[in-house]
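Here the structure is laid out as structure tokens; the discussion comes afterwards.
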Amino acid sequence: MYEERTEIKTPEFVSLQFQVAGLGSRTAAYIIDQLILIVMNTLILIVLFFILIGWPTTQFLTEVTSLTIGITIIVLFIINWGYFFAFEYFSGGRTIGKKMIGIRVIQDNGHSITLLSSFIRNLLRIIDSLPAGYFVGMMMIFFHSQHKRVGDFVAGTIVVHERKEKKNNKSSALEKEIERREISKDDFIIESWTLQSLERKDWNLVNTYSQRFMQLPLPERKQLTKNVADIMLPKIGLETADKDDYDIENTLLVLYLNLREEWEFEL
């Protein structure tokens, strides 16, 4: 009943193991997110209050119309629901609370959460919050073998702990080179749908290139860089014509960092 790890088979028939996020870590992340939303909601209500009293003028608006109330309710709903929906889709399954706790939402097949999955799981928060205090959601998370709430069950998602990067001597040279070049995965934006369109073989190619990157003599490295760039960069909508060898190497290393988020599942 309280299985802490789960094995997922990807569409590429690769078995991945994850540490499932339980009720405690998910509750902690939810509390952080709610505190952020409370601040946002309070600021909106303060702004509304000043609008209603006619600030900065001295003229008070004596009528609070049903339209004003309706618009306020809609805005608050969009912010409170959209916060989870937008962060989970655009931030790799992590709200601010989830990121601080070290958990993320993924699909049951091990891939990153999709737009539809994020929409469904967050829309069904309405059911998970019944009858009050998120009771249904907490009971589902507590008793389900993979700690899923109703939204996870319907959307085909699961919440897992962030994997820890495997540290070994083989990768240390590459990591030091990436650090020396001051490269990060955010150096250029790769759309989520573009990343999800890449296959396991694409990750294997980029990963192999990156791991051999520091081991090859310069002429061989240049040739390998060109070959890999000709294959991979068009797939993510980038051209090589206006880039020199160093820029192309950096671009492929940034691609490696982004694909590692998607494919290198190591606890």
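The values are calculated or read from the model by the stated rules, or taken from the named source; none is laboratory data. Not measured: the values here are computed from a predicted model. Positions of Cβ are generated from backbone atoms using ideal geometry, with glycine treated the same way; all protein chains shown enter the neighbour counts. Areas reflect the complete protein model, heavy atoms only, side chains present, ligands, DNA and RNA absent. Shrake-Rupley method; radii C 1.70, N 1.55, O 1.52, S 1.80 Å.
Could you check the range 170-188 and list, in sequence order, the residues that are open to solvent by 50 Å² or more (accessible area, probe 1.4 Å) and in a helix (DSSP H, G or I)?
Those that are open to solvent by 50 Å² or more (accessible area, probe 1.4 Å) and in a helix (DSSP H, G or I): 170, 175, 176, 179, 180.
Take residue 51 and decide whether it is modelled with pLDDT under 90 and open to solvent by 90 Å² or more (accessible area, probe 1.4 Å). Before the answer, list the steps.
Details: modelled with pLDDT under 90: yes; open to solvent by 90 Å² or more (accessible area, probe 1.4 Å): yes.
Yes; evaluated as a whole, the condition is true for this residue.
Taking the range 113-139, which residues are open to solvent by 60 Å² or more (accessible area, probe 1.4 Å) and more than 25 Å from residue 196 (Cβ to Cβ)?
Within the range 113-139, the subset open to solvent by 60 Å² or more (accessible area, probe 1.4 Å) is 115-116, 119, 123, 126-127, 130-133, 135, 138-139.
Selection gives 126, 127, 130, 131, 132, 133, 135, 138, 139.
What are the pairs with Cβ atoms under 6 angstrom where one residue, in the range 189-212, is under 27 Å from residue 176 (Cβ atoms) and in a helix (DSSP H, G or I) and the other, located anywhere, is of a type in the set (Val, Ile, Thr) and open to solvent by less than 40 Å² (accessible area, probe 1.4 Å)? Sequence gap at least six, or different chains.
209/228
Are there any helices (runs of 4 or more DSSP H) wholly within the range 96-167 with 1 or more residues that are without any contact (Cβ under 8 Å) to a residue 40 or more places away in the chain and either in contact with a strand residue (DSSP E or B) (Cβ under 8 Å, 6 or more places away or on another chain) or of a type in the set (Lys, Arg) (or both), and if so which?
Working: elements: 96-101, 115-123, 125-128, 135-143, 150-155.
Here the list reads 96-101, 115-123, 150-155.
For residue 88, are the conditions met, namely being open to solvent by less than 10 Å² (accessible area, probe 1.4 Å), of a type in the set (D, E, K, R) and touching a residue at least 12 places away in the same chain (Cβ under 8 Å)? Step through it out loud before you land on a result.
Working: open to solvent by less than 10 Å² (accessible area, probe 1.4 Å): yes; of a type in the set (D, E, K, R): yes; touching a residue at least 12 places away in the same chain (Cβ under 8 Å): yes.
For residue 88, the condition - open to solvent by less than 10 Å² (accessible area, probe 1.4 Å), of a type in the set (D, E, K, R) and touching a residue at least 12 places away in the same chain (Cβ under 8 Å) - is met.
Report, by residue number, each residue of the range 219-249 that is open to solvent by 30 Å² or more (accessible area, probe 1.4 Å) and touching an Asp or Glu at 6+ places or on another chain (Cβ under 9 Å). Lay out the reasoning, then the answer.
Residues of the range 219-249 open to solvent by 30 Å² or more (accessible area, probe 1.4 Å): 219-224, 226-227, 230-231, 234-235, 237-247.
221, 222, 226, 231, 235, 237, 240 - these are the residues of the range 219-249 that are open to solvent by 30 Å² or more (accessible area, probe 1.4 Å) and touching an Asp or Glu at 6+ places or on another chain (Cβ under 9 Å).
Could you tell me which residue of the range 54-91 is farthest from residue 159 (Cα to Cα), considering only residues that are of a type in the set (Gly, Ala, Ser) and at pLDDT 90 or above? Break it down stepwise before answering.
Initially, the range 54-91 is screened for residues of a type in the set (Gly, Ala, Ser), giving 54, 66, 70, 82, 86, 91.
Now narrow it down to the ones that are at pLDDT 90 or above: 82, 86.
Working: 82: 19, 86: 16 Å.
That would be 82.
Would you mind finding the one in 141, 126 that is more than 19 Å from residue 94 (Cα to Cα) and out of contact with any Asp or Glu (no Cβ under 7 Å at 6 or more places or on another chain)? Show your work before the answer.
Numbers: 141 fails: more than 19 Å from residue 94 (Cα to Cα).
Answer to the check: 126.
Filter the range 250-267 down to the residues that are at pLDDT below 85 and aromatic (Phe, Trp, Tyr), then identify the one that is most open to solvent (accessible area, probe 1.4 Å).
265
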